[in-house]
Amino acid sequence: MSGKVFLVVVVGLVCLVAVLLIVWGATSYNKLVRQRNQVDAAWAQIDVQLRRRYDLIPNLVETVKGYAAHERGTLDAVVQARNSAIAATTAEPAARAQVENALTQAVGRLFALAESYPTLKASANFLGLQTELGGTEDKIAYARQFYNSAVQTYNTSIQSIPTNVIAGIGGFRGRELFQAAEGERGPVAVRF
């Protein structure tokens, strides 16, 4: 009779371990799905802010054109950078970051150009657009930060033991961070 009791206890323990493993696997899988969805949602927020910037830039360029018609090269560079950024909306984060950083630099050159035209700097339309674009750039920076944080959490989860087992079985793959361009990483030169 003690052999039967021992067998029942062993079978019960095996069943308990199996149930615990199934519950752990389901919980881990659901956690990874939530984190992947958070990464996707964070990317969508970057996309929303970038589209807002794309819509503001043509208005800004048109405003500047009236004051600085002979600065055609700078204006064309901004328009070209915007068009390249729009064309890259389906690209991977690394490629998209590169064209977005080029657009940011082109817009920066446009603002620098505006410094040469006091009447442009005083224009209410230009100032309004500049303020709105500046606010949008802040939102883009925050969205990038949130996205990178979500990617870091997600990538850590899929690479950590033991959830990496569930990630491998579930087909979860790491995501790329949205990184700054090489020129944006160095120290800022301040000249008086």
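The values are calculated or read from the model by the stated rules, or taken from the named source; none is laboratory data. This one's a predicted model, so the numbers in the text were calculated from it and none came from an experiment. Cβ: placed from backbone, ideal geometry, glycine included. Neighbour counts: every protein chain shown. Accessible surface areas use protein heavy atoms only, side chains included; no ligands, DNA or RNA. Shrake-Rupley method; radii C 1.70, N 1.55, O 1.52, S 1.80 Å.
Here are some notes:
- Under the simplified labelling scheme, the residue 124-residue 83 pair shows an inter-label distance of 3.4 nm, with each label point 7 Å from Cα along Cα→Cβ.
- Contour minus Cα-Cα distance for residue 142 and residue 20 (0.36 nm per residue): 39.9 nm
- Taken per residue, the accessible surface of the chain reaches 61 Å², heavy atoms only and a 1.4 Å probe.
- Check: the chain dipole with +1 on Lys, Arg Cβ and -1 on Asp, Glu Cβ, in debye: 520
- In percent, rounded to a whole number, the relative contact order of the stretch 69-157 is 21, using alpha-carbon pairs under 8 Å and six or more apart.
- Acute angle (nearest 10 degrees) that the helix 124-159 long axis makes with the longest principal axis of the chain, alpha-carbon atoms: 20
- Our summary of shape: the Cα atoms of the chain have principal axis extents of 100, 30, 25 Å, ordered from largest down, in whole angstrom.
- Global geometry of the stretch 1-60, whether rounded, prolate or oblate, following the gyration tensor of its Cα atoms and the 1.5 cut on a/c: prolate
- Each part gets one Cα centre, and for the stretch 78-116 versus the stretch 1-71 those centres are 28 Å apart.
- Over the chain: helical MRE at 222 nm, DSSP H runs n ≥ 4 each giving -39500 (n - 2.57), nearest 500: -28500 deg cm²/dmol
- The chain, relative contact order in percent, only Cα pairs under 8 angstrom and at least six apart counted: 31
- Cα long-axis angle, helix 72-87 against the chain (0 to 90 degrees, to the nearest 10): 20
- Whole-percent carbon and sulfur share, accessible surface of the chain, 1.4 Å: 61
- Of 74, 27, 136, the one that fluctuates the most in a GNM where the chain has Cα springs shorter than 10 Å: 27
- The residues packed around residue 151, meaning those with a beta-carbon under 12 Å from its beta-carbon, carry a net charge of +2 if Lys and Arg are +1 and Asp and Glu are -1.
- When the chain is treated as a Gaussian network with alpha carbon springs shorter than 10 Å, the biggest mean-square fluctuation among 158, 169, 86 belongs to 169.
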